[in-house]
Amino acid sequence: MKKNIIALCLLYSIQFIFTACTEPCNCDDASIFEVSYTAVDLTTYDTSGFQNSTSENDLYKNAFGLEIYVVAEENQIAKNTPGIKLSGFGFNSALACSCEEPEYIYLDPLRDIEILVLDVDSQVTTDVTANFTVFDYYADSGVDLKEYFQARENWRVNFLVDLVRTDNIPDQAIFTINITLESGEVLTQKTNEIVFN
């Protein structure tokens, strides 16, 4: 009788070890999404303080920024479901878990960005893309906007650009952002008229 109890306890203990080492991670189902870019949203910023603040009034050229947000629609096209989970009777898995990340398929990737400025007085439009930089946290410095944009063409784009060269920026200006997709479609958005101090 004692041997049966010991064997049963051993079998019960082995079950804990087995399930602790074989139970899959407690992850959400990994999914595959199709991403379509549909529009561009703009916000003007005053970058002169300790924190950026949205503003369209009393702006200085050397403290001006634009937040560019490329709107994307995501449609789930597939879902991977994990296998059957074994019960550990309250014991968690002993293995380090790594869950599968969602996969994104970009139907019409981003190809190019262009920032234009319209001089309200003369009605002359100038390409000022090179006047803006994006702060790169890895390099801890400003990066040329075109380089930054091309390196991240398949990301959901939401970034703040700072005006760093002001010599060809008029005092009364309307900025236009053109985002070109691989198909040639252009997503466009304009700011309201901005009067710089």
If the requirement is being under 25 Å from Asp108 (Cα atoms) and at pLDDT 75 or above, which of these qualifies: Thr126, Thr176, Thr166?
Thr176
Confirm whether Leu8 is farther than 21 Å from Val134 by Cβ, hydrophobic (A, V, I, L, M, F, W, C), open to solvent by 50 Å² or more (accessible area, probe 1.4 Å) and at pLDDT below 65.
yes
Exactly one of (1) open to solvent by less than 50 Å² (accessible area, probe 1.4 Å); (2) modelled with pLDDT under 90 is unmet by Glu153. Its number?
(1)
Pick from Glu185, Glu193: which is open to solvent by 70 Å² or more (accessible area, probe 1.4 Å), among the acidic types (Asp, Glu) and out of contact with any strand residue (DSSP E or B) (no Cβ under 7 Å at 6 or more places or on another chain)?
Glu185
From the set of residues in region 56-85 that are of a type in the set (A, V, I, L, M) and surrounded by 14 or more Cβ atoms within 10 Å (Cβ to Cβ), which is modelled with the lowest pLDDT?
Leu59
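The values are calculated or read from the model by the stated rules, or taken from the named source; none is laboratory data. Small disclaimer: the values here were computed from a predicted structure and weren't measured. When we count neighbours, we look across all protein chains shown, and the Cβ atoms used for this are built from the backbone with ideal geometry, even at glycine. Just so you know, the surface numbers come from the protein's heavy atoms only, side chains and all, with ligands and any DNA or RNA stripped out. Shrake-Rupley method; radii C 1.70, N 1.55, O 1.52, S 1.80 Å.
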